[in-house]
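The values are calculated or read from the model by the stated rules, or taken from the named source; none is laboratory data. Source: prediction; values computed, not measured. Here Cβ is always computed from backbone atoms with ideal geometry, including for glycine, and neighbour counts include all displayed protein chains.
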Amino acid sequence: MSNEKNIKDYFDFSKLSKQSLGKGKVIISDPFLSDDYFTRSVVLLCDHKEEGSFGFVLNNFIEQPIHEIVEPFPPLNSKVSIGGPVETNLLFFIHTKPDLVEDSIQITDNIYMGGSFEQIQQLIELGKIKEGEIRFFLGYSGWGEKQLEEELHKNAWFVANVSEDTIMTYDHKNMWEKLLENMSKKHKVISSFPSNPNLN
């Protein structure tokens with residue numbers, strides 16, 4: 001029996017996440033989930049319906065700032081994340097300025113998605129949107145009908161509520177560990193599991 005199975009059996013991951021999936025929730029990957037996009041990831045669910053779900057990985061960021069990826073673009077100290085494996089050639093964004101950005105779609109009370117990209121550029125240039133008020137993503141994460149529920153049933157994810165400030169401005173380098181640490185004592189232990197259980 002592998003170390004990974006021993007750990008999972010001991011903790012019974014199915015009893016650790018009682019929250020239901022929903023728009024505005026985050027899902028936090030099981031420590032042993034091995035995937036190029038989702039290993040130790042935190043995903044904001046922007047929509048969750050019977051026909052499927054989609055969202056953005058919050059903590060898989062690249063080092064290039066937005067103004068080096070999109071030219072011309074006003075300088076902004078905002079990291080760009082790889083939002084998921086779907087349409088990675090497209091840029092998406094979430095923000096907290098629905099009063100300034102037309103056609104924004106609400107995700108949480110104060111976080112919105114989309115709108116006019118040209119308008120976003122102008123608002124940043126004018127200093128009306130600043131760091132911590134907008135986040136950019138290359139690609140997104142998508143699940144078909146009941147797919148995410150099936151993954152949750154297999155204990156691939158923990159479901160959590162996090163603050164809007166955390167979503168927009170958290171230290172994303174340690175986001176996976178920090179969110180688990182804040183959920184419960186058992187989650188805190190899980191956050192310290194090695195990526196490869198055979199190394200422990």
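Quick rundown of the values:
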item: Total residues in the range 36-50, condition surrounded by fewer than 21 Cβ atoms within 10 Å (Cβ to Cβ) and assigned to a strand (DSSP E or B); result: 3
item: Qualifying residue in the range 71-81 (condition: touching an Asp or Glu at 6+ places or on another chain (Cβ under 9 Å) and either under 20 Å from residue 24 (Cβ atoms) or without any contact (Cβ under 8 Å) to a residue 40 or more places away in the chain (or both)); result: no
item: Filter result for the condition that a residue is in contact (Cβ under 8 Å) with a residue 24 or more places away in the chain, under 24 Å from residue 158 (Cα atoms) and touching a helix residue (DSSP H, G or I) at 6+ places or on another chain (Cβ under 7 Å), over 86, 57, 42; result: 42
item: Search result, residues across the range 131-167 that are free of Cβ contacts under 8 Å to residues at least 40 places away in the same chain, surrounded by 14 or more Cβ atoms within 10 Å (Cβ to Cβ) and not polar (S, T, N, Q); result: 133, 151
item: Residue ranges of strands (runs of 3 or more DSSP E) in the range 51-97 with at least 1 members among the acidic types (Asp, Glu) and under 20 Å from residue 166 (Cβ atoms); result: none
item: Selected residue [aliphatic (A, V, I, L, M) and at pLDDT 95 or above] from 91, 45, 76; result: 45
item: Qualifying positions in the range 70-104 - within 9 Å of residue 138 (Cβ to Cβ), surrounded by fewer than 18 Cβ atoms within 10 Å (Cβ to Cβ) and of a type outside the set (S, T, N, Q); result: 87, 90, 91
